[in-house]
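**Q** Sharing a structure below in structure tokens format, with a few things to ask.
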Amino acid sequence: MDELDLDPKPDHKSLEDLLREGKLTSPGAVQVALGIRELLGFDDPLALTLRAVAFAADKHRNQRRKDEEASPYINHPIALARLLVCEAAERDPATLAAALLHDTVEDTDTSFEELEKHFGKAVAGIVREVTDDK
């Protein structure tokens, strides 16, 4: 499998691009965008969640659950993220990304440093809090 491209595409509009083009003018919207970027390390919360799904799927690609059907391992983190959204009304992108990534450090060769590089300190910190010490 080809290596995942976890960085935003060149045509991705940054906060600076939107400001320069006059597409983000409300002071409130600018503050929200700056807060999101500071917390998550980039501008788009949905992109964070989708990147986390892709990263976790790649890391768990050869793993199977120990259930009767030997289902793909990625089903577990996806089910957890779905549970958080549908049952707990969780909408925080960092929390959802961490739910998707929570077993990558325990069950693959992923390090906390790798998670921080790709997903920022907030996500890596949440994963660290819920990861069993080896």
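**Q** Within the set of other residues whose C-beta is less than 11 Å from the C-beta of Leu100, count the net charge using Lys and Arg as +1 and Asp and Glu as -1. All intermediate terms of the calculation are to be shown ahead of the outcome.
**A** Numbers: positive: Arg51, Lys59, Arg82; negative: Asp103.
Taking every Cβ under 11 Å from that of Leu100, the sum is +2.
**Q** Would you work out if region 50-92 is rounded, prolate or oblate? Take a ≥ b ≥ c from the square roots of the eigenvalues of the alpha-carbon gyration tensor; rounded if a/c is under 1.5, else prolate when a/b is larger than b/c, oblate otherwise.
**A** On the way: a/c = 4.68, a/b = 1.47, b/c = 3.18.
Cα axes put region 50-92 in the oblate bin.
**Q** Quick one: what does P(r) look like for region 55-134 with 10 Å bins over all Cα pairs, in whole %?
**A** Reading the bins upward from 0: 19, 50, 28, 2.
**Q** Could I have the simple spin-label model distance between Arg61 and Asp132, label points 7 Å from Cα toward Cβ, reported in nm to one decimal?
**A** So the two model labels end up 2.6 nm from each other.
**Q** Can you pull the one-decimal nm distance between simple spin-label points at Asp92 and Glu68, each 7 Å off the Cα toward Cβ?
**A** Calculated label separation equals 3.7 nm.
**Q** Under a crude label model (7 Å from the Cα following the beta-carbon direction), how far is Asn75 from Asp109 in nanometres?
**A** 2.7 nm
**Q** Let me ask something else. Using a Förster distance of 25 Å, how high is the FRET efficiency between Ala54 and Thr25, based on the Cβ-Cβ distance and rounded to 0.05? Let's see the in-between values first.
**A** Working: r = 33 Å, r/R0 = 1.31.
After rounding, the FRET efficiency stands at 0.15.
None of the figures in this text is laboratory data; all of them are computed from the coordinates on show. Keep in mind that what you see is a predicted model, and the values were worked out from it rather than measured. In this analysis, Cβ positions are derived from the backbone assuming ideal geometry, glycine residues included, and neighbour counts consider all displayed protein chains.
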